[in-house]
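Novice: I'd like to ask you about the structure that follows.
The values are calculated or read from the model by the stated rules, or taken from the named source; none is laboratory data. Since the structure is predicted, the reported quantities are computational estimates derived from the model, not experimental observations. With ideal geometry, Cβ positions are generated from the backbone for all residues, glycine too; neighbour counts draw on all protein chains shown. Ligands, DNA and RNA are excluded from the accessible area calculation, which covers all protein heavy atoms including side chains. Shrake-Rupley method; radii C 1.70, N 1.55, O 1.52, S 1.80 Å.
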Amino acid sequence: SSATLSDQPDADGNRGVVYTTQAQPLGFSFASWGQYEVIGFLGDGYFAAYDSDVTEDVSNANESVAYLYDQSKNRNLMTNEQISKVLVDDDTEQTITSANPLKLEEGYQLAIKSIDIDGNKAYLDLSKNGQKVDSKVIQPSISDAKMGDKTYYYKAALGETNEIIQIAVHFKNAFRGADTNIATIDGIFQISDKPISLKSEQKYDKMSIRNVNP
């Protein structure tokens, strides 16, 4: 981003600081998902879009590394003049159990509902503030598990942008224990379900948005 002080009036007769910010590619902390576009705005980093490009080949030969891009129907929030705060981008390994779900931001949590007797299928529930919003089955412990077997994702409508991944969690493994179901997680990505509007003429204190190029 950059700021330029100008004494030349714009089309509306305003003078002052012209603030310009541009999205830049950033690799996910869990590198095998590829990368996304992050844009600086008012001092914070915001998600702009999922990116189909990758900086290095970290995938298996038969898999795309742009997995979150591939699974989203719409990939670019800025097409609808929006951005969203990046809440979690982490590859710290952690363990969850049936009794201890994964706690995410904005009231979300991902819980193991059950794991089949062979440990091949894990049934997951995503809830927000105690209300279930999604259910999926993953199978991270099968032989030759692919990215789709190991990644839970939740697609949502963020403002005017439909079917974009808001939450993704990568499972290293999952198994059924004698007393509880256990899974190891090694990648989390979450963006806010409350996108920021960048509509033309939108005001932020004394600053007004003039132009957005998706």
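Novice: Search the range 174-192 for residues being open to solvent by 50 Å² or more (accessible area, probe 1.4 Å) and either part of a strand (DSSP E or B) or closer than 19 Å to residue 71 by Cα (or both), and hand back the single one that is modelled with the lowest pLDDT.
Specialist: 176
Novice: Take the range 98-119 and flag every residue that is modelled with pLDDT under 95 and either under 30 Å from residue 208 (Cβ atoms) or among the hydroxyl-bearing types (Ser, Thr, Tyr) (or both).
Specialist: 98, 114
Novice: Ok, one more. Just name the residue that is most open to solvent (accessible area, probe 1.4 Å) out of those in the range 29-52 that are assigned to a loop (DSSP other than H, G, I, E, B) and out of contact with any strand residue (DSSP E or B) (no Cβ under 6 Å at 6 or more places or on another chain).
Specialist: 42
Novice: Which one of these does residue 106 not meet: (1) out of contact with any Leu (no Cβ under 8 Å at 6 or more places or on another chain); (2) acidic (Asp, Glu); (3) part of a loop (DSSP other than H, G, I, E, B)?
Specialist: (1)
Novice: Continuing with this model, one more query. Can you say whether residue 69 is under 30 Å from residue 212 (Cα atoms), among the hydroxyl-bearing types (Ser, Thr, Tyr) and free of Cβ contacts under 8 Å to residues at least 40 places away in the same chain, as far as the supplied structure shows?
Specialist: yes
Novice: All but one of (1) at negative phi; (2) in contact (Cβ under 8 Å) with a residue 24 or more places away in the chain hold for residue 179; state the number of the condition that does not hold.
Specialist: The single condition residue 179 does not satisfy is (2).
Novice: Still on this model: Of the numbered conditions (1) open to solvent by less than 40 Å² (accessible area, probe 1.4 Å); (2) touching a residue at least 60 places away in the same chain (Cβ under 8 Å); (3) not hydrophobic (A, V, I, L, M, F, W, C), residue 146 satisfies every one except a single condition; which is it?
Specialist: Failing condition for residue 146: (1).
Novice: Quick one: residue 203 ticks every box in (1) of a type in the set (D, E, K, R); (2) touching a residue at least 12 places away in the same chain (Cβ under 8 Å); (3) closer than 30 Å to residue 79 by Cβ except a single one, so which number is it?
Specialist: In the conditions (1) of a type in the set (D, E, K, R); (2) touching a residue at least 12 places away in the same chain (Cβ under 8 Å); (3) closer than 30 Å to residue 79 by Cβ, residue 203 misses (2) alone.
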